[in-house]
1. Using a label point 7 angstrom from Cα along Cα-to-C-beta, what distances in nm, from shortest up, separate residue B:12 from the other copies?
2. Most fluctuating residue of B:125, B:54, B:33 in a GNM of chain B with Cα springs under 10 Å: which is it?
3. Taking the alpha carbon gyration tensor of segment B:66-146, what are the square roots of 5 times its eigenvalues, largest first, to the nearest whole Å?
4. Considering the dipole of chain B built from charges on the beta carbon (Lys and Arg +1, Asp and Glu -1) around the Cα centre, which of B:130, B:106, B:95 is farthest to its positive end?
5. So how strong a dipole does segment B:1-92 carry about its Cα centre when Lys and Arg Cβ are +1 and Asp and Glu Cβ are -1, to the nearest 20 debye?
6. Go ahead and set up a Gaussian network model of chain A, Cα springs under 10 Å, then flag whichever of A:89, A:71, A:39 fluctuates most.
7. Any idea what Rg and Dmax come out to for the protein assembly as shown if you just take the C-alpha atoms, in Å?
8. Among B:124, B:80, B:114, which one shows the highest mean-square fluctuation when chain B is modelled as a Gaussian network with alpha-carbon springs under 10 Å?
There are 2 protein chains.
Amino acid sequence: MLAKMSIQTDADLSAALRARGQRVTSQRLVIHRALRELERHVTADELLSAVSGRLPGVSLPTVYATLDLLEDLGAARRINAGGGALLYEAGGDEHQHFVCERCGRVEDLHTGLNARAALQAARNRGFEPHRADLVVSGLCADCASR
Amino acid sequence: MLAKMSIQTDADLSAALRARGQRVTSQRLVIHRALRELERHVTADELLSAVSGRLPGVSLPTVYATLDLLEDLGAARRINAGGGALLYEAGGDEHQHFVCERCGRVEDLHTGLNARAALQAARNRGFEPHRADLVVSGLCADCASR
DNA sequence: CTGGATGCAAACTCTTTGCATGCAT
DNA sequence: ATGCATGCAAAGAGTTTGCATCCAG
């Protein structure tokens, strides 16, 4: 099993893109950089706002397309929190998420849970699993105290 | 910790509704019954079709409202598979799901994985967790062989 | 009776698609 | 020069909301 190098810098991204025969554009570099610097869960829209300051004229479809691409490269992760918009975060460490059913807040959760059993169960069924996402839902501290 | 009785029959549902001071309507009974009998993951739309045969004139908003209610009662479970529509299944045994990234198929997965660690991690953060959902995504057998 | 539940229609949000232009290679 | 990537606009899907009517309690 080949461990894929994680993409961290602009140079990493450029190299990964070239390796796939895809183009290095300023939009891709800036979106990637913004995602990494925000260091939290962001919607495509929030990311667009963050990016527009640095590179005016970027469009939402481009943000979505770039996030798809980054996810493909392992540089971004899509979080389906269920409430409204999709969230994205920079790829990297393995962790799970907590979603508040009331206010929609999403927080990281480090459970130490091992997803290997789940992946293996999928393989046993003939599937080819790529990832396992665990989402805990309930009430966040603020909403619970009301 | 009080184990909530699982709702299985029309009588169970009627009792649970009355206990909450809510009304027992034919729509609620029929939708609940249809969900149980389908024994698979269905969209609100599919459920509407299934129900319309028995009780004409049911509307989609009512299906959604009833599914919300059933979920609240623990008689239904919402599955956020990410691809397009939400899915619902009758409440009952604990299991996880596999979603094909290509064709969107959703299958049950029995991993034996224990979510207690995840729930505990959430509690340690001050949250009040209600459930933990694990979704494995990748390619199903059919899509992988292409 | 009385108010919660329903049906209808429309709004709303987020995401994806089509097409002409532009820029990385 | 070549064709992938982008921007714009619009379509599309799914879910939710508002309001008048209806029926369970």
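Each value in this text was obtained by applying a stated rule to the coordinates, not by laboratory testing. Just so you know, these numbers come straight off a predicted model, no measurement behind them. Every residue, glycine among them, receives a Cβ derived from its backbone with ideal geometry; neighbour counts consider all protein chains shown.
1. Listed shortest first, these distances are 4.9 nm.
2. Its mean-square fluctuation being the largest, the pick is B:125.
3. 25, 17, 11
4. Value: B:130.
5. Charge dipole, segment B:1-92, about its Cα centre: 260 debye, nearest 20.
6. Looking only at A:89, A:71, A:39, the largest GNM fluctuation is found for A:39.
7. Cα radius of gyration and Dmax of the protein assembly as shown are 21.3, 64 Å respectively.
8. In the Gaussian network model the winner is B:124.
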